[in-house]
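Working notes, structure below.
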Amino acid sequence: MKESRVGLSNYLSNHQHIRGIIVCPERKFIYMKATKTAGTSILRGILENKIEGIIHHKDHPQKFQKWVTGITDVLLDDYFIFSIVRNPWDRAVSIASYFDIPLNNFLNNFDQYCEDDRIKIHALPLHLYTHFNDRQFADQICRFEALQPDMNLVFDRIGLARVRLPYLNPSDHQHYSNYYSPEEIDLVQDLYQKDISNYGYMFEDNPTSQNRRAKGVSIFKRRKN
């Protein structure tokens, strides 16, 4: 059994965002669906339209509970697991926009806003969907910034013909760099330190901005067995 699967069944059954675990037992794949990472486009727009037998807590609570109760680390060893990640500075803007909160208020009062469970779920760090005990359990980590080509590889793996992703539930905001002060850049650095480290993200200015900063690097990551 892969080392990354040891303890994974218990981790999933106690996950902070149980609704974010999307399962297809027949095809043996799990989509760890984080918020504000094009999840609606992928789940509602593609997977549920093209594949039968997908279950998740929101729409199939009894079936999902039966699955998560009966799953073991050994059984999970046969599952293909994927997730989508996003630049934390960009995602923070999207979260604040979704809840109609000024970004500076959101970041400077982060703990208070996260007392609201709905906001807390949306603001969970992305490494919770790809890592536990500092080990990567996801087989493929796709980038929001390179979503179509990365998801094409997922489609190949789960036996689905490549299809163009729809664009559902978009946030209405400018390039994320337009919303940040230097202090708020540092706040995101502190809040999402593991995400930044695990996925290699950096703060990236709008290409039209006069004040250029270091640009982020787009990488498609695979789990090391």
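Every number in this text was worked out from the coordinates using simple rules, so none of it is lab data. As the structure is a prediction and not an experimental result, all values here were calculated from the model. Every residue, glycine among them, receives a Cβ derived from its backbone with ideal geometry; neighbour counts consider all protein chains shown.
The table that follows gives values for the structure above.
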read-out	value
Residue ranges of helices (runs of 4 or more DSSP H) in region 19-136 with at least 3 members more than 27 Å from Tyr201 (Cα to Cα)	61-70, 73-76
Residue that is surrounded by the most Cβ atoms within 10 Å (Cβ to Cβ), among those in region 114-158 that are touching a helix residue (DSSP H, G or I) at 6+ places or on another chain (Cβ under 8 Å) and among the small types (Gly, Ala, Ser)	Ala138
Test for Gly45: is it touching a residue at least 12 places away in the same chain (Cβ under 8 Å), out of contact with any Lys or Arg (no Cβ under 6 Å at 6 or more places or on another chain), under 18 Å from Arg157 (Cβ atoms) and not β-branched (Val, Ile, Thr)	no
Leading residue by the ranking (farthest from Gly200 (Cα to Cα)) among those in region 152-161 that are touching a strand residue (DSSP E or B) at 6+ places or on another chain (Cβ under 6 Å) and in a helix (DSSP H, G or I)	Arg157
Pairs where the first residue, in region 14-25, is closer than 15 Å to Ile81 by Cα and the second is among the small types (Gly, Ala, Ser) and surrounded by 17 or more Cβ atoms within 10 Å (Cβ to Cβ), C-beta under 7 Å, 6+ apart	Gly20/Ala34
Selected residue [out of contact with any strand residue (DSSP E or B) (no Cβ under 9 Å at 6 or more places or on another chain), surrounded by fewer than 15 Cβ atoms within 10 Å (Cβ to Cβ) and not β-branched (Val, Ile, Thr)] from Asp90, Asp59, Asp73	Asp59
Residue satisfying all of: in region 1-16; under 21 Å from the mean Cα position of the chain (by Cα) and in a loop (DSSP other than H, G, I, E, B); nearest to Leu75 (Cα to Cα) among these	Gly7
